[in-house]
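Participant: The structure's right below; bear with me while I get my questions together.
Bear in mind these aren't lab numbers, they're just calculated from the coordinates by the rules spelled out. Given the structure is predicted, the values throughout are model-derived calculations rather than measurements. Using ideal geometry, Cβ is built from the backbone for each residue, glycine included, and neighbour counts are taken over all protein chains shown.
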């Protein structure tokens, strides 16, 4: 089963029903739920998503949404190695570097994000949810 790393913005597209991106994010997570792909998410994405959702829908609903995601996704193992690599990387943004090294060190085959420009230095493919879904048909 192919491992795909999903960036925070894709999670928020799905949970916040951001148009026009919602439909592709929903389809992507359905593939994860149906065990067609293995979705990897970083610990940082869980924290960032909770923070943003809490402001939008309240603390309890945000936690319920994250609990539902947790049943579909695998949380990346991360720690010192990803932090250290991010600190010395040539990425402009520390958060993007951390996401990248989570994907790389957890054997993701692709990074799915709405901001591919943030991952210009990636050694693995970077696609939008729409591009990825089209590529696996």
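Participant: Using the Kirkwood radius over C-alpha pairs as Rh, can you work out the diffusion coefficient of the chain via Stokes-Einstein at 20 °C, viscosity 1.002 mPa s, in µm² per second? All intermediate terms of the calculation are to be shown ahead of the outcome.
Facilitator: Numbers: Rh = 15.0 Å.
For these conditions, the coefficient is 143 µm²/s.
Participant: Next question, about the same structure. Can you give me the Cα centroid spacing of region 68-137 and region 16-63 in angstrom?
Facilitator: Cα centres, region 68-137 to region 16-63: 15 Å.
Participant: Here is a follow-up. GNM, the chain, Cα, under 10 Å: largest mean-square fluctuation among 82, 95, 60?
Facilitator: 60
Participant: Please list, in order, the residues from region 93-111 whose amide nitrogen is less than 20 Å from a point placed 7 Å along the Cα→Cβ vector of residue 84.
Facilitator: Output list for this probe position: 94-107.
Participant: Counting other C-beta atoms within 10 Å, which of 23, 136 has the fewest, and how do the rest follow? Before the final figure, lay out the partial values.
Facilitator: On the way: 23 15, 136 11.
The most exposed by this proxy come first: 136, 23.
Participant: If you don't mind, there's one more thing I want to ask. So what is the relative contact order for region 3-135, in percent, with contacts set as C-alpha pairs under 8 Å and at least six apart?
Facilitator: 31 percent
Participant: Based on the Cβ-Cβ distance from residue 104 to residue 75, what FRET efficiency comes out when R0 is 22 Å, to the nearest 0.05? Show your work: numbers first, answer last.
Facilitator: Working: r = 16 Å, r/R0 = 0.72.
Efficiency, from the Cβ-Cβ distance: 0.90.
Participant: Starting from the Cα-Cα distance between residue 35 and residue 64, subtract it from 0.36 nm times their residue separation and give me the gain in nm to one decimal. The partial results should precede the final answer.
Facilitator: Working: separation 29, 0.36 × 29 = 10.44 nm, distance 2.12 nm.
Extra length from residue 35 to residue 64 when fully extended: 8.3 nm.
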